[in-house]
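Colleague: I'd like to ask some things about the structure below.
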Amino acid sequence: MTDEGGSPQGVTQLLERWRGGDEAALGELLPLVEQELRRLARAYMRRERADHTLQPTALVNEAYLRMIDQRGARWQNRAQFFGVAAQLMRRVLVDHARARRAQKRGGTQFSVSLCHADGVGLQPDADLLAVHEALEELAKIDPQQERVVELRFFGGLSIEETAEALGVGHATVEREWKMARAWLRGRLT
Amino acid sequence: MDVGRWQKTKSLFHDALEREGAARAAFLDAACAGDAGLRREVEALIAAHEESGEFLDAPAYEAATAILADERVPALTEGRRLGHYRIVGVVGEGGMGKVYRALDERLGREVALKLLADSFVRDADRLRRFKQEARAASSLNHPNILTIHEIGEEGERNYIATELIEGETLRRRIARGRLPVGEALDLSIQVASALAAAHGAGVVHRDIKPENVMVRADGYVKVVDFGLAKLTERGAGARAAAREAGGWSLVSTSPGVVMGTVAYMSPEQARGADVDERTDVWSLGALLYEMIAGCAPFHGGSANDVLTSILSTEPAAPLARYAPGVPERLEEIVSKTLAKEREERYQSAKDLLVDLKRLRQKLEVRAEIERSAPPEPAEVSAAVHARPAALTDETVARTTDGGASDAATRPAPAVVAARGGKRALLVATSLAVALAVVGFGLYKLRGTGGSKPPAAAWKITPLTSFAGGKADPALSPDGQQIAFAWTGVGNDTLDIYVKLIGEGTPLRLTTNPARDMSPAWSPDGRHVAFIRYAPEGNSLMTVPSLGGSERKLVSLTSTGAFYLSAAWSPDGKEMAITDSDLPSGPTSIFLISLETGERRRLTTSLPQSGGDLVPRFSPDGRWVAFTRSRSTAVDDIYVVPAAGGEPRAVTTDGREISASGLDWTADGREIIFSSRRGGLFGLWRVSVAGGTPEPMPGIGENTFAPTISRRGDHLAYLYRKLDYNIWRAPGPNAANRDAPPTRHVASTRGEGSPRYSPDGQRIAFASDRSGNLEIWTCDAEGGSPAQLTRFDNGQTGSPRWSPDGQRIAFDARPTDNSDVYVVGADGGAVRRLTSEKAADIMPVWSTDGQWLYFGSDRGGDWQIWKMPAGGGEPVQVTKGGGFGTLSATDEFLYYSRRNALPTNKSSATGAWRLPLAGGEEERVFDQGTTGTMFITPGGVCFFDPAFPTAPTIKFYNFASRQVTTLVTLDPAKSGAALGSRLAVSPDGLWVLYSQMDQNDYEIMLVENFR
């Protein structure tokens, strides 16, 4: 299998440009990352066996390793890359949930549960879209909290990885996560 | 909330969380002094925090991965089609993707359908080799090798259709616990037998593992996916692949991914060396080991560890470590299959098979001896004894096994007798476990609960496979030949052909440029009568069935273009024909004496109906069955005494019945016909005495024109594969008309009746992609489809947007009555607006959205009526006749008048308009028929069939009276019905029309019908 997800060099540079404040670079980056993630996800799903489930961050990690030129990569790149992937995941999920909502029936059944325990009685798609919409609102008053939720919930990042991606201390991430979660919980139930 | 207040809330939230109970309350009292709102917010946040538990802890990530992975090969939902397969459900998740249960509509059997991921099939060469191997293995017809029916593709999807196995994978069997030695031996023997056969044909499996061994509930083993490993294997070998992946830390970051496959890999595979049949021997050894030990022989914490363990010289731990009391001989056999050096292994699966069988025999003898002695706690004997009991349990749990369907299709010869025994057994005692020696081994046969479909003995095969349109199959009285109308491969006009059942090319009986259809055999089989549709008039003709000169029997009055037919009476003295009194009137049934030429009326059709069609004599010649139309798509079957008399209804529910043909069963007790009663047209049977029609099992949808041999053992019918899609082409206002049309709204089933929303942003259309014709919408580019109605029965169509784009009116026939309905453009409740026992069709909105105009026969004849859009009493609008509404402007209502039959050319073509302020009705356009016109502000867009050679979509300009051609259609693809409905976008830049992209016919033969 060959790499089709864009040249590592190009992706690394795009990441650097984005870090430097070039928002257009993100626009170029997203489709490349998406393409690679789709390809890897398909490969994973194929190889997956009933008794093994996919590790949460393995996919993005592998995409990162494949797409970023490792020799010149700075450590921040990894966190940056995870940030891009989390945005992408959010978009994919929201698009999918919207399409499903429009379609009402049919389509592939994916259940996105917001917590391990049962008890959130809403429909998964409705839940997901509600989280997304509440986050958009949150972004207006507290963009950092929104990013924390995006990385944690949509990107599957740990507190430490989130701190790395945002360039803040992990105590900060923990505090922001705690409040954002409480706020969202209040909003959504 | 403003940012300042948010920050304040945030800091109070965190500070308060650091305090507990009274201290927290005191802190908040002080901090929020005088600001009750702030305090409420902080307290609400704290409360939410305390009950948030695991909220949001499960990332949405896995679902996202599934979506990412799934997008390119979207899951198939129930009712979807792939080739001639209809998805019925999901069987399970295989290594290569989802496996579906599907109905092969052509052959009427259930199959397992596996989609191949696109990355597997990108390499054409590799795909070709895979197909070769898979076919080679399947063609061995070995009872333990899964039979492949077809490796096909449809659009971007590549799929494998195989026999359907009711059972579980060996993986799941092992997951339930270690297997007793006897059962493990039995399963291994079957796998070894499959491998020995495959190796004999030069096919190495390469990927023997528990996932690839299916165990049927009756103990039968089926080895699946022969050749598939060819698709997935990388040139450099698995070890290299693992290394390559490991370079990207694939193995270390996600141990599960490669693990599944490496555990059964032979050392040579792990090294990336060439593999041969001894590799399969190794993998089977690993399988046998795991069945008994409960774990694979070589394991480790990661794929790399496993590979290292396989490649080391260290042998696997003895089985006795996991299963004390395992026979010494079994240890020897397993260790020989798992010899690291190929030369030291069993050199063939056959050798292994011999040893396994010997061992089993020995154990059985021992068990037999022990059975007559007092029980001992010996593991082996317990294992052997335990097996039938375990099977009996499974039998109880799975009494609805559908094994009968694969038994009916392609059993290996050796198994047929045993299966016949199984059925006999089933009658005697449904839970019995019988033993029978079949071929090479012992099989446990069991009852299936007695739900064998009557179609199980039927053998359904295509009689024709050549291209071109076919119609009207008619089996000869002796059942040995079939006459039919065919265009020939060159898509000429239809002529009459005769073909022997089985081999042989069709014999062409007619060559006239006119269309020849509806062949009917004389009782002695020497002549074939048929209808000739010629420009100078239709006629009933006859020709010798071996070829020869044709003769006109009688000229017909009817100018009907398709559905006329004739039938010979069993005594050969007269013929029943369809004809009308006036050229365009509905047809009735007449009898023609072949001796005197005398014509006698047998029925009088209902006025303004589709007529009486398809006369067929009962086998004893005393009755004539026919279809009687009440109105569009509302038909019933009747019988009338051939001597004359009052017709009697056989069906009374008024469902749509195909005029393609019907026939009597040989005993004269039932009538087989094609009808649409939920879903698409399919074959149904009804007792002549009356009663509820029942679907013919296993025949499938899109089937027409049943014909039965006199002996009753053969049934033939027409199977039609049809795919209509909505296409888009430049419209009357487009600057550049040269842009080629593009397929715009598509599925593997039908799309038609498009309508743009008033703002041009959305398209409403009718589609049967859900299994029944329903109303759907999509965006202007054909994306994001949404289903608005779910009648699940009857035709639904004619969607029309309200002027504000909020609602869609349409007509539907969920029961035997056509009514006008309204639904929100975004979905929601469907509301029926008319309830009269009359046909109410094709609604259109007034420009203020207050009224709906529609066509109705409620007054006794067809007129346009109107009613308040919210529902209410309709009032008649037209006086001089009206059928379908076309459009309403502020000044005029445009509409069409009725055609007696959709295919009849009559003076009713064209468009009329009525001044809404009062005034005379006037004809504004004289071409086009009801469903094929679209009124724009400047003119009429219409379908010009120019049958049969040059169909076009044209535009007639009201002002200039000029006609311009918008689209030139492929004559092979422009059908009637759905196919000609069209719509112009509000800006006039586009025209949408429905085109028949696929329309293949096969004549299918059912043997052993009776």
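Colleague: Tell me which residues, restricted to the range B:758-809, are over 14 Å from B:VAL830 (Cβ atoms) and among the charged types (D, E, K, R).
Modeller: Of everything in the range B:758-809, those that are over 14 Å from B:VAL830 (Cβ atoms) and among the charged types (D, E, K, R) turn out to be B:ASP759, B:ARG762, B:ASP768, B:ARG769, B:ASP779, B:GLU781, B:ARG800, B:ASP804.
Colleague: Can you name the number of the only condition in (1) assigned to a loop (DSSP other than H, G, I, E, B); (2) modelled with pLDDT of 90 or more that B:PRO814 fails?
Modeller: (2)
Colleague: Is it true that some residue in the range B:601-624 is without any contact (Cβ under 8 Å) to a residue 12 or more places away in the chain and surrounded by fewer than 20 Cβ atoms within 10 Å (Cβ to Cβ)? Break it down into steps so the answer makes sense when it comes.
Modeller: Within the range B:601-624, the subset without any contact (Cβ under 8 Å) to a residue 12 or more places away in the chain is none.
No, the range B:601-624 contains no residue that is without any contact (Cβ under 8 Å) to a residue 12 or more places away in the chain and surrounded by fewer than 20 Cβ atoms within 10 Å (Cβ to Cβ).
Colleague: Could you check B:ARG526 against (1) surrounded by fewer than 16 Cβ atoms within 10 Å (Cβ to Cβ); (2) under 19 Å from B:LEU494 (Cβ atoms) and say which number it fails?
Modeller: Result: B:ARG526 passes all but (2).
Colleague: A further question follows. In this structure, is B:TYR724 buried (at least 24 other Cβ atoms within 10 Å of the Cβ) and within 30 Å of B:PHE934 (Cα to Cα)? Outline the logic, then answer.
Modeller: Details: buried (at least 24 other Cβ atoms within 10 Å of the Cβ): yes; within 30 Å of B:PHE934 (Cα to Cα): yes.
When the stated conditions are applied, B:TYR724 passes them.
Colleague: From (1) among the aliphatic types (A, V, I, L, M); (2) modelled with pLDDT under 70; (3) over 30 Å from B:HIS142 (Cβ atoms), pick out the condition that doesn't hold for B:LEU442.
Modeller: Among (1) among the aliphatic types (A, V, I, L, M); (2) modelled with pLDDT under 70; (3) over 30 Å from B:HIS142 (Cβ atoms), B:LEU442 violates only (3).
Colleague: Residue by residue through the range B:482-509, note down the ones that are in a loop (DSSP other than H, G, I, E, B) and either touching a Lys or Arg at 6+ places or on another chain (Cβ under 6 Å) or more than 24 Å from B:ILE708 (Cβ to Cβ) (or both). Give the derivation first.
Modeller: Taking the range B:482-509 as the starting set, the residues that turn out to be in a loop (DSSP other than H, G, I, E, B) are B:487-494, B:501-506, B:509.
Across the range B:482-509, the qualifying residues are B:THR487, B:GLY488, B:VAL489, B:GLY490, B:ASN491, B:ASP492, B:THR493, B:LEU494, B:THR505, B:PRO506.
Colleague: Let me ask something else. Within the range B:488-505, is even one residue of a type in the set (A, V, I, L, M, F, W, C), surrounded by fewer than 17 Cβ atoms within 10 Å (Cβ to Cβ) and modelled with pLDDT of 85 or more? Give the derivation first.
Modeller: Keep residues of the range B:488-505 that are of a type in the set (A, V, I, L, M, F, W, C), which gives B:489, B:494, B:496, B:498, B:500-501.
Then drop every residue that is not surrounded by fewer than 17 Cβ atoms within 10 Å (Cβ to Cβ), which leaves B:489, B:500.
Next, from what is left, pick out any that are modelled with pLDDT of 85 or more: B:500.
The answer is yes; a qualifying residue exists.
Colleague: Separate question: Would you tally the residues in the range B:457-489 being touching a residue at least 60 places away in the same chain (Cβ under 8 Å), aromatic (Phe, Trp, Tyr) and under 22 Å from B:ASP104 (Cα atoms)?
Modeller: Qualifying residue count for the region: 1.
Colleague: From B:GLY824, B:GLY783, B:GLY828, B:GLY794, grab the single residue that is modelled with pLDDT of 85 or more, on the phi > 0 side of the Ramachandran plot and either more than 14 Å from chain A (Cβ to nearest Cβ) or surrounded by fewer than 19 Cβ atoms within 10 Å (Cβ to Cβ) (or both). Even if it seems obvious, please write down each step before you answer.
Modeller: Details: B:GLY824 fails: on the phi > 0 side of the Ramachandran plot; B:GLY783 fails: on the phi > 0 side of the Ramachandran plot; B:GLY794 fails: modelled with pLDDT of 85 or more.
Only one candidate qualifies: B:GLY828.
Colleague: What helices (runs of 4 or more DSSP H), lying completely within the range A:52-169, carry at least 2 residues that are at pLDDT below 80? I'd like the intermediate steps shown before the answer.
Modeller: On the way: elements: A:58-67, A:75-103, A:124-141, A:143-149, A:159-166.
In the range A:52-169, the matching helices (runs of 4 or more DSSP H) lie at A:58-67, A:75-103, A:124-141.
Colleague: So which pairs qualify, if the first residue must be in the range A:172-183 and closer than 17 Å to A:GLU161 by Cβ and facing chain B (nearest Cβ under 9 Å), the second must be of a type in the set (D, E, K, R) and crowded, with 20+ Cβ neighbours inside 10 Å, the Cβ gap must be under 7 Å, and the two must be at least 6 apart or on different chains?
Modeller: So the pair list comes out as A:TRP177/A:ARG152.
Colleague: May I ask you to say which residue of B:ASP861, B:ASP848 is assigned to a loop (DSSP other than H, G, I, E, B), more than 17 Å from B:GLU921 (Cβ to Cβ) and either free of Cβ contacts under 8 Å to residues at least 24 places away in the same chain or not aliphatic (A, V, I, L, M) (or both)?
Modeller: Values: B:ASP861 fails: more than 17 Å from B:GLU921 (Cβ to Cβ).
Of B:ASP861, B:ASP848, the one residue that is assigned to a loop (DSSP other than H, G, I, E, B), more than 17 Å from B:GLU921 (Cβ to Cβ) and either free of Cβ contacts under 8 Å to residues at least 24 places away in the same chain or not aliphatic (A, V, I, L, M) (or both) is B:ASP848.
Colleague: For the range B:542-558, what are the residues that are buried (at least 22 other Cβ atoms within 10 Å of the Cβ) and either aliphatic (A, V, I, L, M) or over 40 Å from the mean Cα position of the chain (by Cα) (or both)?
Modeller: Listed by number, the list holds a single entry, B:LEU556.
Colleague: Still on this structure, please answer the following. Would you confirm, using the coordinates I've provided, whether B:ILE165 is hydrophobic (A, V, I, L, M, F, W, C) and outside any strand (DSSP E or B)?
Modeller: So B:ILE165 passes the test.
Colleague: State the number of residues belonging to the range B:696-723 that are on the phi > 0 side of the Ramachandran plot and modelled with pLDDT under 90.
Modeller: At the first step, the residues of the range B:696-723 found to be on the phi > 0 side of the Ramachandran plot are B:698, B:700, B:702, B:705, B:712.
Of the ones still in play, those that are also modelled with pLDDT under 90 are B:698, B:700, B:702, B:712.
Within the range B:696-723, residues that are on the phi > 0 side of the Ramachandran plot and modelled with pLDDT under 90 number 4.
Colleague: Hey, can you tell me all the residues within the range B:969-996 that are at pLDDT 90 or above and among the acidic types (Asp, Glu)?
Modeller: B:ASP987
Colleague: Right, here's the next one. For the range B:168-189, enumerate the residues that are in a helix (DSSP H, G or I) and within 13 Å of chain A (Cβ to nearest Cβ). So that I can check it myself, show each step before the final result.
Modeller: Our first condition is that a residue be in a helix (DSSP H, G or I); within the range B:168-189, this holds for B:170-175, B:181-189.
Within the range B:168-189, B:LEU170, B:ARG171, B:ARG172, B:ARG173, B:ILE174, B:ALA175 meet the criteria.
The values are calculated or read from the model by the stated rules, or taken from the named source; none is laboratory data. None of these values were measured; they are calculated from a predicted model. All Cβ positions, glycine included, derive from the backbone under ideal geometry; neighbour counts span all protein chains shown.
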